[in-house]
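First the structure, in the form of structure tokens, and then the observations on it.
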Amino acid sequence: MTTPPGHTPEELDDDALIAEIKRLRDAVQAEFDSLTSDGDRSGHDARVAELDAATRAAKGRGLDVPLGK
């Protein structure tokens with residue numbers, strides 16, 4: 001996970017969690033853009049899992065994370 005060392009999404013404050021979700025969205029898109037038809041999806045899948053965990057944490061707090069930067 002690429003959240004700050006020793007922190008899970010649940011441990012981040014609201015602003016840090018929103019920033020992490022935005023960063024992860026960019027990372028997921030970059031991983032997707034670099035996929036090839038016969039390429040390894042593990043990096044992309046790992047980023048998607050991180051984004052899902054962070055999004056669940058935000059929804060659990062009732063946070064709305066706007067799209068965009």
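The values are calculated or read from the model by the stated rules, or taken from the named source; none is laboratory data. Only a predicted model underlies this, so the values are computations on that prediction, with no experimental measurement involved. As a convention, Cβ positions derive from the backbone with ideal geometry for all residues, glycine included, and neighbour counts pool all protein chains shown. Each accessible area value is taken on the protein alone, full model and side chains, heavy atoms only, with ligands, DNA and RNA left out. Shrake-Rupley method; radii C 1.70, N 1.55, O 1.52, S 1.80 Å.
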Per-region count, region 33-69, residues aliphatic (A, V, I, L, M) and in a helix (DSSP H, G or I)
8
Hey, any hits in region 14-24 for a residue that's modelled with pLDDT under 90 and either among the acidic types (D, E) or open to solvent by 60 Å² or more (accessible area, probe 1.4 Å) (or both)?
no
I want to confirm something. Restricting to region 49-69 and keeping residues that are charged (D, E, K, R) and either within 8 Å of the chain's Cα centre (by Cα) or farther than 17 Å from E11 by Cα (or both), which single residue is surrounded by the most Cβ atoms within 10 Å (Cβ to Cβ)?
E50
Taking first residues from region 19-43 that are closer than 29 Å to D64 by Cα and second residues anywhere that are among the charged types (D, E, K, R) and open to solvent by less than 30 Å² (accessible area, probe 1.4 Å), the pairs with Cβ under 6 Å that are 6 or more apart or on different chains are L24/E50
Residues being open to solvent by less than 70 Å² (accessible area, probe 1.4 Å) and of a type in the set (D, E, K, R) - total across region 26-48:
2
